[in-house]
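Have a look at the structure below, then the notes.
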Amino acid sequence: MPSSDTRDKIIAAALTTFVEKGVASATMQAIRERAEVSNGSLFHFFANKQSLCEAVYLEGIRDYQGGLAAQLEQGGGARDVVAALLRYHLEWTEGNRDWARFLSERGYTGWGEDLARQVEQANTKLMSTVSAWVRRHVEEGTLKPVSPEVVVATLLGPAQLLCRAWLASESAAAPTTHLRELVTVTWSALAARGSL
């Protein structure tokens, strides 16, 4: 029986192939050859390209969001966590360029119901962690009383724009070169008046 290592090899090969060729042009045969697995192993895990594409997307979402949640759960003041979240986002993008490109280009609208449900569950879990963190720091008086959704948009919106520009251009500066400025601007936007 194929192992989870085999599944991981297939997902890695699919990610590289999807980014290089585009999902529409990628073939299961090309992915199988890149992963160096048999047809039986490939189709044991993934019935078709759609299910493989969805698995690649979900794996990337879980990896990225797991890291964000870990930053929120660490100790330290609100400003330190804001800095850690921004650093994580930028470093994850730089360290996982293919996955970042795939996630930003694919989205999940119009995909299968199972993927939509799993992505919604992952998003709900992350937002629960964000909400608890925001609530705690609003109660302590370190964050402005804004919704968790606005906190996420303020935190990650500008960073995502910088990352997308970097992903689209070989000549753009690495996102981490903007970390200090992003932390300063983001903290200014989120900090309660006495916390600046």
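Read-outs throughout are calculated quantities, based only on the coordinates presented, and are distinct from any laboratory measurement. Keep in mind that what you see is a predicted model, and the values were worked out from it rather than measured. Note that we place each Cβ from the backbone using ideal geometry, even for glycine, and neighbour counts take in every protein chain shown.
Key figures
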quantity	calculated
Relative contact order of the chain, pairs being alpha-carbon contacts under 8 Å that are 6 or more residues apart, as %	22
Sparse-neighbourhood loop sites, GluC sites (Glu not before Pro) in segment 1-91 - DSSP loop, at most 12 other Cβ within 10 angstrom	E36
Calculated FRET value between S188 and N39, using beta carbons and R₀ = 45 Å, to 0.05	0.20
E91-S3 pseudo-label distance in nm [points 7 Å out on the Cα-to-Cβ vector]	2.9
Size of electric dipole in segment 1-47: Cβ of Lys, Arg +1 and of Asp, Glu -1, about Cα centre, debye, nearest 20	80
Alpha-carbon centroid distance for the pair segment 112-183 / segment 6-53, whole angstrom	30
Cα shape, segment 1-117, gyration tensor, a/c 1.5 rule	prolate
For percent of Cα pairs over 28 Å apart, calculated from these coordinates, the label among (1) 21; (2) 56; (3) 35	(3)
Within the chain: Cβ-based charge dipole about Cα centre, in debye rounded to nearest 20 (Lys, Arg +1; Asp, Glu -1)	280
Separation in nanometres of the label points that stand 7 Å from Cα toward Cβ, at W111 and R62	1.2
Other-chain or far-sequence residues with amide H under 5 Å of L143's (modelled H)	V138, A192
The chain: angle of helix 179-190 to the longest principal axis, Cα-based, in degrees nearest 10	60
Burial ordering of D80, D98, fewest other beta-carbon atoms within 10 Å first	D80, D98
Degrees separating the helix 113-139 axis from the principal Cα axis of the chain, which is the longest one	20
Extension gain from D98 to E149, taking 0.36 nm per residue of separation minus the Cα-Cα distance	15.7 nm
Förster radius 30 Å - calculated FRET efficiency between S131 and R180 (Cβ-Cβ, nearest 0.05)	0.60
Acute angle (nearest 10 degrees) that the helix 97-106 long axis makes with the longest principal axis of the chain, alpha-carbon atoms	90
Where labels lie 7 Å past Cα in the beta-carbon direction, separation of E120 and S171 in nm	4.4
